[in-house]
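The values are calculated or read from the model by the stated rules, or taken from the named source; none is laboratory data. Since the structure is predicted, the reported quantities are computational estimates derived from the model, not experimental observations. In this analysis, Cβ positions are derived from the backbone assuming ideal geometry, glycine residues included, and neighbour counts consider all displayed protein chains.
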Amino acid sequence: MTRRYDIPTGGRRKLAEAVFDAVSTLHDLTRENEEEVEPERVPFSRLYAYASDPYAQADPVVERAIAENPSLRADFDRLIEKTGVFIRAAAAASDTSFSRTGEGYRMRFERSRAEATQTYVIIEPTEDGKKPPHALFVRYPDGRRRKHVLPQGHEGIVQLLEDSGSELLLGLLDIENEVYLCRDEDQGLSGDDGGAGPN
């Protein structure tokens, strides 16, 4: 069914124009305050460095390109599957039982006794000689990929204290997300760990 709209006249038209101008101005002001990341072509060399260098910081340009470009995302996924250690979800998500395990590593979560709204994320080796990871990637089902550079480990153990609503903690606790650890020795496509991704 086709609806007919009457063009306002007189006072109604002036009111409609004023409302439109106000909404348009508000939209422009809001956009000026937004921190936009301009679309940018990401060459494979930059993608490779981002995936394989555990010290490379999070890059919103790369992460946006990965989320928006399926081909680039597939390349990135192959890289982290080849150079990283996949940390599988080991149990149903809960404050007491949820953990992730991978080849030579375990990730567990402990609620802070001092502050109930904070949780410790503890990454520890389960095999002798394993170096502590320097970064991790969270792989979301919707196409997002997030990199988090980790603090320096102590005696092989890496520990973070995260607020309950932090993106990192929520990403790690979500059983639908995949997590990969990145270490110094993981650099290069000929790493000893090979493809450690899900079967």
message: Looking at region 134-159, I want the residues that are at positive phi and have a partner that is among the basic types (Lys, Arg) with Cβ atoms under 9 Å, at least 6 apart or on another chain. Which pairs are those?
response: Gly143/Arg73; Gly156/Lys130; Gly156/Lys131
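Among the residues of region 123-138 satisfying the criterion of being part of a strand (DSSP E or B) and touching a helix residue (DSSP H, G or I) at 6+ places or on another chain (Cβ under 7 Å), which is surrounded by the most Cβ atoms within 10 Å (Cβ to Cβ)?
Phe137
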task: Please go through region 29-52 and pick out each residue that is surrounded by 10 or more Cβ atoms within 10 Å (Cβ to Cβ), at pLDDT 50 or above and of a type in the set (A, V, I, L, M).
output: Val42, Leu47, Ala49, Ala51
task: Residues being among the aliphatic types (A, V, I, L, M) and within 19 Å of Val62 (Cα to Cα): count how many of those fall in region 151-180.
output: 2
task: Scan region 149-180 for residues that are within 9 Å of the chain's Cα centre (by Cα) and either of a type in the set (Val, Ile, Thr) or surrounded by fewer than 18 Cβ atoms within 10 Å (Cβ to Cβ) (or both) and jot them down.
output: Glu167, Leu168
task: Take region 77-90 and flag every residue that is of a type outside the set (Lys, Arg) and out of contact with any strand residue (DSSP E or B) (no Cβ under 6 Å at 6 or more places or on another chain).
output: Asp77, Leu79, Glu81, Thr83
query: Which one of these does Leu189 not meet: (1) farther than 24 Å from Asp77 by Cα; (2) modelled with pLDDT under 90; (3) exposed (fewer than 14 other Cβ atoms within 10 Å of the Cβ)?
result: (1)
